[in-house]
Amino acid sequence: LSALRPRVRRDILAADLSPLQEYLYVFQKLGREFELEEEYIKARPSKISALWSSYSADKQNANNAANMPRWLAVFLGKVTRLLTEEDEHVVRLFGSQKGPLILCDLAVEALAPLAGDEQGLCARIRALSSPEAAYDSYCVMDEFVRRVLAQIESGLSEDKLLGLLAVAYSGFVDLQMDYVDSEAAHVREQLATVLRAVGFQSSLSLNAISDTNNPSGEGNNADSNTVEDLFQWDDLSVGDPSEVYSVYGERLLQLAEGFLPPAEAALRRASRMVGGLRVKLFVRALASAVGLFVKHLTAKIEDLGVACGFAPPAKAPTNTSATDEPPSNTTSQNTQELYNDRSNRIVAEKLAQRMESSEIDSRLLIASALRALQTVGRTMSNFKQLEKISKELLAEVHSGLFGQSSLGTGSLSSSQSSAAVTSTGPKALVGAAMKQSASLGAAYASILMLQDPHASSELKSFLVASSSTSHHLAQNAFASVSAPLTRLRVSASQLLFTLCIEAPEKMMATLADGEELAVGGSGDVSDDVEGLKGSMLPQPNITQVGEHLLSLVQELEAFASSNALPDLLLLKGDAVNLPAQSAGWAMVKGLLDGKEDSLEALCKRSSCASLIPVVEGAVFGSPLTSITPADCGVNSAANAYSDPLDGEADTDGGRGTSHLVLSFVNEWLTALADATVGLLAGHLASIPVLTPRGCAQLLTDVEYLSNVINAMGIRPHVLLLHIYQILSQKPDNLLRALDIPQVKARHDFNALLKFDQILFKSMCRGAKKL
């Protein structure tokens, strides 16, 4: 037989296979027909093996990531054609019962070159570092296996079936860690590309700055001092400065749209690659990349604040936790930023210098800040969409790998679904996948999960916790993005708030200048405050504040009435706590005991409204300020929102939309009005001597501000009403109130009492009572 073997091999490779029937007869007589089968299986796919080697030898073609899936499809198409042609030959030679088994062995032999260490398919994919090429190649292989099994599945034994699946998919399984790293790096690079497109320059891009700084193309890693030295302001063409702010705001909004497509595409690939076998690792890497993107977006908005003339915020301390790091080899890369964008901050500082010497309408800056706020809302919307897609995909992965037995109830126990899978066996899994047109790679991954109970339990726990049944933040696959998103919201809201309140801060800066002359004079010795008030007008700086606040009504309503409304509605409540951080309330806090709870007692409407009757009762014997339930809330600002996606926003002739617009506008107007009241209270309490004429002037000012705030469609802060009552009192009624002791353990009561006593002393000094 050894002498006969070369001749047998030559005849096997011939087109005419009739001589093989004679050989088969001889081999059968000797009881060694299996040797002829082995020779047949090794020889017939040899031309296919040579074809794969020819591709590997073509370096230019082999190193092109886009060509790999196309060439694989061509190669596997030839394998499929070979199997189709061999079907008839195999049945004629070896019988119909052995036909599927031998065809399966032929397929395995034809695919053997793809498993090579250096020239194999996955080795080539690993060298390309292209997640698209890896995923597309996997899809091509999945379709090939489907076509082969459609031809031979019914006649295969379980061992033969597992052998075919292993040769087709084991390389992709081994590739998974590299694939996760490649996919994560690809997403980061795409996000960095999106970020680089946003800069202050209207005629000079950030890439141009980088190219000028480093002709070799590594400008994104340039030192910021080098960039600063290269650019003199006269050399930087930015066109109309006002246009720069406007364009920057529009580009920020485009930035919010830019992160979802690459993140979603990568997530879909990772969840379907070999059934999502390593999707847990990728989701964590993706969450890290999205978190970094949000941090960069925050920096872009902070740069806008710098360009508006504000100091950059203090850097938060770096806290590198396990959830912040990609979970694989990507930890060796820079995970703290997607790219170096310090050049944008330098240009922002130069813009601020230009703004100081130019007349830029503050409304333009506010419009840019509003666009930044919309950007945050759009980012939140797209992030919610990514979370939704993630939950749906992870639920699909769970269903594909483990069935649906535990997903519906949210149970983390793997016994039920594992038992179900075990009872059906690999053939049943593959048969179900074929019937449902599901991925056969996922079926192979399910089989692997049965062989590794520990990995199976860990992956299953993650999928159940992160699937659509999850409602807890700790179980959210993107929980690590929560903190960067919070900072992003705070950054945009703080920028808009600071720009809007900047003018009142400047206008009221001189309110407490001087002593008696700060508000009215001491020339009129009359203590008839009401009589003096009748002949007075509000001070010019107070009327300027009122005009500014009224102008903000138009700005906010116009913007909220645009297509920005759905984005803005996602930022419900962001303005509510801003007044407490304003300069005016900081002054009030400094005049009191400096405690946060004391500040909250006066700044927060509800607590202040409950305190005023108590303090006035203790001082005057009964409450003076008329307080209604409406004075205790936030003008329905924080409670009047509806979900913009609930389909009810534009019902009843559009009145629903108008209601939502007013709710957003009222929240912000309330915050700005309360901050203005804090300014007034802080400056008023800083006046050491307040004459009756000064009280009359302040009464006129307070009344004017109250009317302005009412005209804005909101209720004045109750402290403003209380101040009006205090300023209306005769000094004789205030002397005894100076001796009222503070109440132990009542910081809120003591805060308002101390504030009132400061006013009492300045009024008594002005009336010569002290």
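Across the protein chains, with a 1.4 Å probe defining accessible surface, the residues Ser491, Ser381 rank Ser381, Ser491 from largest area downward. Hey, which lysines would be in cross-link range of Lys160, C-alpha to C-alpha under 22 Å, not counting anything within fewer than 8 residues on its own chain? Within the straight-line cut-off, Lys160 pairs with Lys42, Lys78, Lys98, Lys427, Lys435.
Using the Cβ-Cβ distance between Ser49 and Ala432 with R0 set to 45 Å, the FRET efficiency from 1/(1 + (r/R0)^6) comes to roughly 0.85.
Indicate the gyration tensor shape class of the stretch 340-396 (rounded, prolate or oblate), computed on the Cα atoms with a ≥ b ≥ c the square roots of the eigenvalues: a/c under 1.5 is rounded; otherwise a/b larger than b/c is prolate and the rest oblate. It is oblate, given that a/c is not under 1.5 and a/b is not larger than b/c. Cross-link pairs exceeding 30 Å in C-alpha to C-alpha distance, out of Lys391/Lys604; Lys295/Lys589; Lys295/Lys506; Lys604/Lys768; Lys295/Lys391; Lys280/Lys572, comprise Lys391/Lys604; Lys295/Lys589; Lys295/Lys506; Lys604/Lys768; Lys280/Lys572.
Given a 1.4 Å probe and the protein chains as shown, Lys388 ends up with an accessible area of around 110 Å².
For Arg70, the solvent-accessible surface computed with a 1.4 Å probe is close to 140 Å², ligands and nucleic acids excluded.
Under the classification rounded if a/c is under 1.5, otherwise prolate if a/b is larger than b/c and oblate if not, where does the stretch 664-770 fall, given a ≥ b ≥ c as square roots of the Cα gyration tensor eigenvalues? Oblate. Remark: C-alpha extents of the stretch 42-132 on the principal axes read 45, 22, 21 Å, sorted largest to smallest.
The string of couplings for the stretch 717-732 from the Karplus curve (6.51, -1.76, 1.60, θ = phi - 60°) is 4, 4, 5, 5, 5, 5, 4, 4, 5, 5, 5, 7, 7, 6, x, 4 Hz, one whole number per residue in order, with x for Gly and Pro.
For the stretch 565-618, just say rounded, prolate or oblate: build the C-alpha gyration tensor, square-root its eigenvalues into a ≥ b ≥ c, call rounded for a/c under 1.5, and beyond that prolate if a/b exceeds b/c, oblate if not. Oblate is the answer for the stretch 565-618, as a/c is 1.5 or above yet b/c matches or exceeds a/b. Among His683, His186, the order of accessible area from largest down is His186, His683, computed with a 1.4 Å probe on protein heavy atoms. Annotation: extensible slack from Arg81 through Glu243 equals 52.0 nm (criterion: 0.36 nm per residue apart, minus Cα-Cα distance).
The values are calculated or read from the model by the stated rules, or taken from the named source; none is laboratory data. Just so it is clear, the structure is predicted and the values come from calculations on it, not from any experiment. So basically every Cβ, Gly included, is an ideal-geometry build from the backbone, and we count neighbours across all protein chains shown. Only protein heavy atoms, including side chains, enter the accessible area calculation; ligands, DNA and RNA are left aside. Shrake-Rupley method; radii C 1.70, N 1.55, O 1.52, S 1.80 Å.
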